[in-house]
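First up is the structure itself, then whatever we jot down about it.
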Amino acid sequence: MTLSITLGPRLQTVAAFVPEGSKLGDIGTDHAYLPIVLYETQRITRAVAIDVHEGPYQSALLAVKGRRLEDIIDVRLGDGLMPLTSGEVNVLTLAGMGGRTMLDILAGRPEVMNSITDLIVQPQGAEGAVRLTLLKDGWRLKAECLVQEEDRLYVVMAYSREMGWDEAELLKKEEEWSRRLKSLQEKGIVPAADFSNLVHKLVWHFGPLILENRTDLLNSCLSDYKTMLVRRVEQMKRSKSIEVEAKVQEVCSEVALLEGMYTWQ
């Protein structure tokens, strides 16, 4: 089948993680391009495409009707999982929204989530909170990767009920990074009081699986984060308060750990 739409790299990556034969719920569907392409490539059998905003909802309706896919892709107006009934989809995709918003959406309908076997998310912010919360809720991380679209880097994560790394296994990845970076604490570069918390923060921000696969995109991501931290230190140093001075030390420690991650092989 000839594709009627070309997805950008971000949504192409999301699409690649959707299991074949899925009944898809695409939350925040916008123009419904993702479910359209997934059906045209025969990866899904049907879909419910949901958006909370009237404009994207109408755009999705037009896109689906224009391809005569109304019997395959059901476009619904509503907030998060509210338009879904339990059992009508088994895979969810959520892309292009804040990580905290995603977690609120997923927590809002536990009866719907009980029938979901796979979850593909592309959060924009709060990536660490997304990882840790989903793992604590019993999800297993199948894969995660960085993807570049134009000048921005995005993270895509694929979770499953049955396959992948569980919370305990991934916490061992954090322990490995603590061992790798321990010399920074032993040399006094990072105070002992900050060490464990900062390693935890960085591992879950960047992703325990992403950090194990050194790529040019990861190097760019680490470099961008370091630049942000250095800029923050420069801004904070303009203040003379004791509280800010303590925070400057913490951020400098985070920079040191980040440099350790960057150079570790």
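No lab work stands behind these numbers, since they all come straight from the coordinates. The structure presented is a predicted model; accordingly, all values stated were derived computationally and were not measured. Don't worry about glycine lacking a Cβ; one is built from the backbone with ideal geometry, like all the others, and counts go over all protein chains shown.
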Sort M102, M82, M113 so that the residue with the fewest other Cβ atoms within 10 Å of its own Cβ comes first and the one with the most comes last.
-> M82, M113, M102
Kindly flag which residue pairs out of K142/K187; K182/K237; K172/K226; K172/K240; K136/K240 have an alpha-carbon separation exceeding 32 Å in this structure.
-> K142/K187; K172/K240; K136/K240
Length released on extending from A129 to K226, taking residue separation times 0.36 nm less the Cα-Cα span = 32.9 nm
Express in nm, to one decimal, how much length is gained between V233 and E167 on full extension, taking 0.36 nm for each residue of separation and deducting their alpha carbon distance.
-> 20.5 nm
For V244 and R68, calculate 0.36 nm times their separation in residues minus their Cα-Cα distance, and state this gained length in nm to one decimal.
-> 57.4 nm
When a footprinting reagent is the concern and you count Cβ atoms within 10 Å, what order do R152, R109, R10 take, fewest first?
-> R152, R109, R10
If one builds a Gaussian network model of the chain from Cα atoms under 10 Å apart, the most fluctuating residue listed among D26, D71, D166 is D71
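From Cα pairs below 8 angstrom and at least 6 apart in sequence, can you work out the relative contact order of segment 9-164, rounded to a whole percent?
Relative CO of segment 9-164 lands at 22 percent.
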For the chain, find the longest principal axis of its Cα atoms and tell me its angle to the long axis of helix 216-236, 0 to 90°, nearest 10.
-> 60 degrees
Rounded to the nearest 10, the angle in degrees between the Cα long axis of helix 127-136 and the longest principal axis of the Cα atoms of the chain comes to 70 degrees
Which residues in segment 34-54 place their backbone N less than 14 Å from a point set 7 Å from the Cα of L77 along the Cα-to-Cβ direction?
-> 50-54
When you take every Cα atom in the chain, what is the radius of gyration, and what is Dmax, the widest Cα pair distance, in Å?
-> 20.8, 66
Relative contact order of segment 168-263, defined on C-alpha pairs under 8 angstrom at six or more residues apart (%) | 36 percent
Choose one answer from A16, A63, A246: the residue with the largest mean-square fluctuation in a GNM of the chain with alpha-carbon springs under 10 Å.
-> A246
If you line up the long axis of helix 54-66 against the longest principal axis of the chain, both from Cα atoms, how many degrees apart are they, to the nearest 10?
-> 50 degrees
Please identify the longest segment of the chain free of exposed GluC sites (Glu not before Pro), where exposed means a DSSP state other than H, G, I, E or B and no more than 14 other Cβ atoms within 10 Å.
-> 89-149
